[in-house]
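Engineer: Could you have a look at this structure, given as structure tokens, before my questions?
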Amino acid sequence: MTDDAGTSPSRRALLGWGGAGLALGAAAAGGAAAALSGGADETGAAAGSGGAVPFYGAHQAGIATPVQDRLHFAAFDVTTDDRAELIALLKEWTKAAARMTQGHPVGGGAVSDLVEAPPDDTGEALGLKASRLTLTIGFGPTLFRDKKGKDRFGIADRRPEALIDLPAFPGDNLEAARSDGDLCVQACADDPQVAVHAIRNLARIGMGRVAIRWSQLGFGKTSSTTPDAQTPRNMLGFKDGTRNIAGTDTAALDKHVWVSEKAGPAWLAGGSYLVARRIRMHIETWDRTSLKEQEDVFGRDKGEGAPQGKQHEHDEPDLRAMLPTAHVRLAHPDSNGGARILRRGYSFTDGTDGLGRLDAGLFFLAYQHDVRDGFVPVQRRLARSDALNEYIQHVGSALFAIPPGVRDADDWWGRALFSGRAPDGAPDGAP
């Protein structure tokens, strides 16, 4: 990423070397907030910014933002029980995210005159543009109370009612090593190296306070928040989710995606809920299936992507023209009481399974205002009857509460959640 002359001196020089590699360089002062929240064009990128998406706003970027080409998603376990350390980390992460999303290096950058110490930035994005990088953070159920029932950070009473433990669905074969997490960060960009660089730097900053529990690389977006455009295809060769919520549809976003002040809790207003599911596709079996059966399974024409009996992919589907087990018919809002979710899924291939089969599929990401009337009832219906189940299996799962956006340079991820006073009466460290 490109450097700039306005970078403040590295905080490592002020904090000493006991925590070298953990501390974050201070963000640029003065007009930085204005620069990071400048006007955006139709792609969601700030005008004249080299593809930079504004970081500050009422909602986090990376949700309604036009879907980028690449993904690096990481779930973290918090390894400290110290509330002050977690708050300090969230502040450092926010400053780093604000810089990286604008194409700037973290802190003092990857190269400095202080050659005896590790640099503030890992450096693999030097010279690269922002590439529409967005970083979106979420809080898992175990951040509020861990699996042993401990309220480590004094926030158990602030856990949202909708941040449930997802139920077991028929056919699930979930791997603990690919599920759950205290925190998550979704990095989306048009350059895979930019997305990887962002997660790598956040993990480095958090060393000793967080550890990556699992991560997923994704390519070939499988859905779009600009649904007037052609819908991307998944690894089975089909277009899916053509009725996705548009990032410009304010009314639909307010109704189906953003948590309202009335729904609460107050700290989450303007945020959302994210379901992440790693879905393995048995593509070798699928590839030996007739075209007719493939189209019947989805309820779509494979070539155009049109609903069965229609001509174009965005034509209103006639659900009665499809088999009762067709994926489109079962997932359609009309079959689910009007429930809608915003999808941001990606394809993945992670080598082989040791038996000569590709470990490939869909990394499903879905945002909604409440999973209890969004993902959960829809997935229950699909798990019971979807003909596609013969060719897929859910192997990883997680749910996160997504806080609202960072308003300005004095704000930070999760500030409203941690506002007030710690259980022992000590200040929480909020400015």
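Values in this text are rule-based calculations from the coordinates and carry no lab data. This is a predicted model, so every value here is computed, not measured. Cβ atoms come from the backbone with ideal geometry, glycine included; neighbour counts cover every protein chain shown.
Engineer: Which value does Rg/Rh take for segment 111-256 over its C-alpha atoms, Rh per Kirkwood?
Structural biologist: Working: Rg = 19.2 Å, Rh = 19.0 Å.
On the Cα set of segment 111-256, Rg over Rh gives 1.01.
Engineer: Additional query: Let's see if you can work this out: charge +1 on each Lys and Arg Cβ, -1 on each Asp and Glu Cβ, no other charges. What is the dipole magnitude of the chain about its Cα centre, in debye to the nearest 20?
Structural biologist: Working: 48 positive and 55 negative charges, 139 e Å.
Dipole about the Cα centre, nearest 20: 660 debye.
Engineer: Do you know the relative contact order of segment 222-372, to the nearest whole percent, from alpha carbon pairs under 8 angstrom that are 6+ apart? Please list the in-between numbers first.
Structural biologist: Details: 270 pairs, mean separation 45.7, N = 151.
Result for segment 222-372 is 30 percent.
Engineer: Using the charge dipole of segment 115-195 (Lys, Arg: +1 at Cβ; Asp, Glu: -1 at Cβ; taken about the Cα centre), state which of ALA156, LEU133, THR122 has its Cα farthest towards the positive end.
Structural biologist: So the residue we want is ALA156.
Engineer: Using 0.36 nm per residue, how much length does the chain from ASP254 to GLU313 gain when fully extended, once their Cα-Cα distance is taken away? Don't jump to the answer; show the numbers that get you there.
Structural biologist: Details: separation 59, 0.36 × 59 = 21.24 nm, distance 2.56 nm.
That pair, ASP254 and GLU313, stretches by 18.7 nm at full extension.
Engineer: Using only the C-alpha atoms of segment 312-431, find the volume of their convex hull and express it per residue in Å³. Working shown, then result.
Structural biologist: Working: hull volume 26.7 nm³, N = 120.
With only Cα atoms used, segment 312-431 gives 222 Å³ per residue.
Engineer: Let me ask you something else. Can you flag which of LYS129/LYS302; LYS147/LYS239; LYS221/LYS302; LYS221/LYS255 are past 27 Å Cα-Cα?
Structural biologist: Numbers: LYS129/LYS302 36 Å; LYS147/LYS239 38 Å; LYS221/LYS302 18 Å; LYS221/LYS255 24 Å.
Beyond 27 Å: LYS129/LYS302; LYS147/LYS239.
Engineer: Another question, then. Which whole-number percent gives the relative contact order of the chain, counting Cα pairs below 8 Å spaced six or more residues apart? Working shown, then result.
Structural biologist: Values: 985 pairs, mean separation 93.2, N = 431.
In percent, rounded to a whole number, it is 22.
Engineer: Remind me, relative contact order of segment 132-251 in percent, using alpha carbon pairs under 8 angstrom and six or more residues apart? Display every interim value, and only then the final one.
Structural biologist: On the way: 124 pairs, mean separation 26.1, N = 120.
Value for segment 132-251: 22 percent.
Engineer: Among DSSP beta bridges whose residues both lie in the chain, state the antiparallel percentage, nearest 5. Display every interim value, and only then the final one.
Structural biologist: Details: 54 of 55 bridges.
In the chain, DSSP labels about 100 percent of beta bridges as antiparallel.
Engineer: Okay, next question. Within the set of other residues whose C-beta is less than 14 Å from the C-beta of PRO307, count the net charge using Lys and Arg as +1 and Asp and Glu as -1. Could the numbers behind the result be given before it?
Structural biologist: Values: positive: LYS239, ARG243, ARG300, LYS302, LYS310, ARG320, ARG329; negative: ASP240, GLU295, ASP296, ASP301, GLU304, GLU313, ASP315, GLU316, ASP318, ASP334.
The answer is -3.
Engineer: While we're on this one: Local charge sum around LYS221 (other residues, Cβ-Cβ under 11 Å, Lys/Arg +1, Asp/Glu -1)?
Structural biologist: Working: positive: ARG70, ARG233, ARG343, ARG344; negative: ASP69, ASP190.
Its environment carries a net charge of +2.
Engineer: Where the centroid of each part is defined by its Cα atoms, how far is segment 76-134 from segment 280-335 in Å?
Structural biologist: 44 Å
Engineer: Kirkwood hydrodynamic radius, segment 266-313, all distinct C-alpha pairs: what's the number in Å?
Structural biologist: Details: mean 1/r = 0.0721 Å⁻¹.
Roughly 13.9 Å, rounded to one decimal.
Engineer: Given the C-alpha centroids of segment 381-411 and segment 176-215, what is the distance between them in whole angstrom?
Structural biologist: Using only Cα atoms to place each centre, the spacing works out to 17 Å.
Engineer: May I ask which residue of ALA58, ALA176, HIS72 lies farthest towards the positive end of the charge dipole of segment 45-176, with charges of +1 (Lys, Arg) and -1 (Asp, Glu) on Cβ and the Cα centre as origin?
Structural biologist: ALA58
Engineer: Label-point separation (nm) for HIS282 and LEU355, each offset 7 Å from Cα along Cα-to-Cβ?
Structural biologist: 0.9 nm
Engineer: In square nanometres, what is one fourth of the surface area of the convex hull spanned by the alpha carbons of segment 120-178? Kindly include the intermediate steps, with their values, before the conclusion.
Structural biologist: Values: hull surface 32.2 nm².
So the Cα hull casts an average projection of 8.1 nm².
Engineer: Return, for the Cα atoms of segment 271-375, the radius of gyration and Dmax in Å, separated by a comma.
Structural biologist: Gyration radius and largest Cα-Cα distance of segment 271-375: 15.7, 43 Å.
Engineer: Work out, in µm²/s and without decimals, the Stokes-Einstein translational diffusion coefficient of segment 249-293 at 25 °C, 0.890 mPa s, Rh from Kirkwood over C-alpha pairs.
Structural biologist: For the chosen part, D equals 176 µm²/s.
Engineer: Now a separate question. Which loop-located GluC sites (Glu not before Pro) does segment 276-354 contain, where loop means any DSSP state but H, G, I, E or B and the Cβ has at most 14 other Cβ atoms within 10 Å? Let's see the in-between values first.
Structural biologist: Details: sites: GLU284, GLU293, GLU295, GLU304, GLU313; in loops: GLU304, GLU313.
Taking segment 276-354 and a limit of 14 other Cβ atoms within 10 Å, the loop GluC sites (Glu not before Pro) found are GLU304.
Engineer: Mind pulling up the Rg/Rh value for the chain? Radius of gyration and Kirkwood radius, both on Cα.
Structural biologist: Values: Rg = 21.8 Å, Rh = 22.4 Å.
In the chain, Rg relative to Rh is 0.98.
Engineer: In nm, to one decimal, how far is the GLN193 label point from the ASP157 one, both placed 7 Å along Cα→Cβ?
Structural biologist: In this crude spin-label approximation the distance works out to 5.1 nm.
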